[in-house]
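The values are calculated or read from the model by the stated rules, or taken from the named source; none is laboratory data. Source: prediction; values computed, not measured. Glycine also receives a Cβ, built like all others from the backbone with ideal geometry; neighbour counts cover every protein chain displayed. Remember, those area values only see protein heavy atoms, side chains included, never the ligands or the DNA or RNA. Shrake-Rupley method; radii C 1.70, N 1.55, O 1.52, S 1.80 Å.
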Amino acid sequence: MTGFPAGEVRDDFVPKADFLDRRFHELEKENLWPKVWQAACRLEEIPEPGDYATYDIIDDSIVVVRRGPDEVAAYHNACPHRGTQLVDPTENDGKGSIREFLCPFHGWRFGLDGRNVEVVDSHDWGGCLKAGDTDLSPVQAGIWGGWVWINMDPDCQPLMEFLSPMAEMCELFEFDKLRPAWNKSVVVQANWKTVLGAFTEFYHVQTTHAQMLTYTDDYSTSRGMGRHGWISYAASSGLPVSRSPRLPPKEVPDFREYLYEYAEQFTGDLQAMMTDRAYQATQRLRTEVPADAPPGEVLGKWAGFIYEAAIESGAGWPDRLTPEYIAASGFDWHVFPNTAFLHPAIEAVLWYRFRPYVDDHQRCLMDVWSFERFAPGTEPEVEHQTFADWRDGDFPLIFRQDFLNIPKVQRGMKSRGFKGGRPSPVQERAVSNFHRALRRFLEDPHSDDDLGPEPQVAVPPS
């Protein structure tokens with residue numbers, strides 16, 4: 001028993017110990033991170049055989065290497081001789097290219113397949129070293145969505161079973177064809193789950209991002225999808241472009257201009273989920289669509305113009321998507337335990353990863369990618385930037401608004417007067433589902449291997 005039973009979590013209650021108790025963090029160190037699938041790196045980061053990238057989670061450093069055109073492998077980044085890290089995660093962003101692994105301390109060598117190639121003065125050991133003793137320690141690796149996923153547990157659930165049903169509901173979006181437009185990491189002064197929780201619900205939009213209400217019908221719904229979480233807007237599928245009912249009604253005589261203003265806001269305030277093609281398509285609406293066209297027609301034309309521009313540019317488009325598939329896939333996914341992404345724009349996806357900052361349960365390293373679909377050969381050269389303080393990172397407005405609140409949440413939870421979170425059983429259901437699944441995973445990593453989607457809850461009358 002862990003001392004943190006899953007039964008303490010309700011749809012409307014999450015104990016504060018999950019965010020504050022060092023014992024909970026120690027349980028995660030032993031029972032979560034070494035046993036769960038995590039997105040380690042993008043395939044395009046290791047395009048050629050011998051290219052590698054590192055992924056660090058608390059005390060474990062994992063090196064992912066491309067062994068061949070269609071083969072990747074992962075190993076613990078530790079020489080079996082004395083534990084020396086074979087590659088430096090702090091050098092060149094933890095990336096590089098090698099023909100073989102060479103220990104920088106005593107010169108032991110290893111092939112890309114992890115097998116030992118040379119032990120210097122091996123005769124010293126006589127018959128002490130058995131077959132496999134001097135090989136690198138392997139880590140499970142799999143590929144989905146353009147990501148290399150790793151798991152340190154040799155008895156883990158297979159990757160595609162673990163990612164279900166998210167993988168089936170998002171496969172047709174072709175995430176593997178996306179490339180970063182920008183990539184930033186930042187240390188946030190809060191537990192990793194506190195930070196994660198701000199990016200897996202839309203309930204906070206009406207206050208934290210109140211400027212969005214002019215163009216966003218913000219009421220949302222969410223549900224558990226096995227261990228994972230699904231979040232979407234309740235009023236419509238795809239982009240919820242309409243004035244929030246929380247505001248006084250206001251006539252929109254020209255929806256073309258309204259949509260242009262929406263695109264302007266997204267381009268400036270988020271700098272993601274809006275390609276230049278999509279922005280320029282709002283200009284085309286002004287000349288090719290009547291001013292009195294109804295909203296549905298304008299949105300349909302906008303989508304058509306974006307598609308045409310994507311095809312003409314050579315970027316392409318996922319050709320098997322249907323409106324029904326897009327609607328079922330929702331707006332935002334939380335992939336257990338530490339990944340989240342927003343994908344309704346199809347060609348522009350915002351992707352997050354959260355983990356403890358080194359071994360500090362009061363700080364989080366948050367990685368952010370703004371992905372877009374580019375024509376082959378036109379992808380920008382993107383420098384990964386890391387910041388110790390978000391104020392130094394030139395983050396867009398929406399991020400700044402979140403970063404102001406998150407440390408306040410972490411500090412406020414320490415109050416003796418605060419007993420635990422009270423998430424909305426409708427709009428924040430994915431949050432409570434995650435904490436329940438996390439506690440069960442800490443007890444037994446296979447406890448929810450066969451857990452399917454829960455029914456979508458009905459939106460209660462206001």
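Extension gain for the segment residue 98 to residue 388, taken as residue separation times 0.36 nm less the Cα-Cα distance, is 101.4 nm to one decimal. Rolling a 1.4 angstrom probe over segment 352-452 with all protein chains present gives an accessible area of which 48% lies on carbon and sulfur atoms. The sum of -39500 (n - 2.57) across all DSSP H runs of n ≥ 4, divided by the residue count of the chain, sets its helix-only mean residue ellipticity at 222 nm to -7000 deg cm²/dmol.
Checking the cross-link pairs 250/408; 29/193; 193/419; 95/130 against a 23 Å limit on the alpha carbon distance flags 250/408; 95/130 as lying beyond it.
Expressed as a whole percent, the accessible surface of segment 212-261 that belongs to carbon and sulfur atoms is 52, based on a 1.4 Å probe. Across the chain, counting alpha-carbon atoms alone, Rg and Dmax equal 23.6, 87 Å. Take each peptide in 320-328, 446-454, 371-379, count the other Cβ atoms within 10 Å of every residue, and average; sorted highest first, the result is 371-379, 446-454, 320-328.
For the chain, the relative contact order works out to 24 percent when only alpha carbon pairs closer than 8 Å and six or more residues apart are counted. When each of the peptides 205-212, 12-19 is scored by the mean number of other C-beta atoms lying within 10 Å of its residues, the order from highest to lowest reads 12-19, 205-212.
How far, in nm, would the chain grow between residue 280 and residue 113 when pulled straight, counting 0.36 nm per residue and subtracting the alpha carbon separation? Extending this stretch completely gives an extra 55.3 nm. Compared with the alpha-carbon gap, the fully stretched path from residue 381 to residue 311 is longer by 23.0 nm at 0.36 nm per residue. Quick one: check the C-alpha center-to-center distance for segment 417-462 versus segment 242-289, whole angstrom. Measuring centre to centre over Cα atoms gives 34 Å.
Taking 4.7 Å between beta carbons as the limit, the unpaired Cys residues of the chain are 41, 128, 156, 170, 364. Surface exposure of the chain, expressed per residue as accessible area with a 1.4 Å probe, stands at 44 Å². First check a/c for segment 120-249, with a ≥ b ≥ c the square roots of the eigenvalues of its C-alpha gyration tensor; if it is under 1.5, answer rounded, and if not, answer prolate when a/b is larger than b/c or oblate otherwise. The shape class here is prolate. The modelled label-to-label distance for the pair residue 155/residue 397, using points 7 Å beyond Cα in the direction of Cβ, is 5.3 nm. Sorted on the mean count of surrounding Cβ atoms within 10 Å across their residues, most packed first, peptides 339-345, 150-156 read 339-345, 150-156.
For segment 253-350, the relative contact order is 28 percent, taking Cα pairs closer than 8 Å that sit 6 or more residues apart in sequence and dividing their mean separation by the residue count. Applying 1/(1 + (r/R0)^6) with r as the Cβ-Cβ distance of residue 303 and residue 21 and R0 = 56 angstrom yields a FRET efficiency of 0.75. Label point 7 Å out from residue 88 along Cα-to-Cβ: which residues of segment 102-116 have amide N under 17 Å? Label zone hits: 102-107.
Annotation for residue 120 and residue 261: the two label points, set 7 Å from Cα along the Cα-Cβ direction, are 7.0 nm apart.
Would you mind classifying segment 213-262 by shape? Square roots of the alpha carbon gyration tensor eigenvalues, ordered a ≥ b ≥ c; an a/c under 1.5 is rounded, otherwise it is prolate if a/b is larger than b/c and oblate if not. It comes out prolate by the Cα gyration axes.
Efficiency by 1/(1 + (r/R0)^6): what FRET value for residue 416 and residue 2, r their Cβ-Cβ distance, R0 = 22 Å, to the nearest 0.05? FRET efficiency, residue 416 to residue 2: 0.40. 3J(HN,Hα) along segment 69-84, derived from phi through the Karplus expression 6.51 cos²θ - 1.76 cosθ + 1.60 where θ = phi - 60°, amounts to x, 10, 9, 10, 9, 9, 9, 5, 7, 8, 5, x, 6, 10, x, 4 Hz, with x in place of Gly and Pro. Counted over all Cα-Cα pairs of segment 12-135, pairs farther apart than 25 Å make up 37 percent. DSSP bridge analysis restricted to the chain gives an antiparallel fraction near 95%, rounded to the nearest 5.
The modelled label-to-label distance between residue 185 and residue 254, using points 7 Å beyond Cα along the C-beta direction, is 4.7 nm. Going by Cα centres, segment 85-117 and segment 11-37 are how many Å apart? Comparing the Cα centres of segment 85-117 and segment 11-37, I get a distance of 32 Å.
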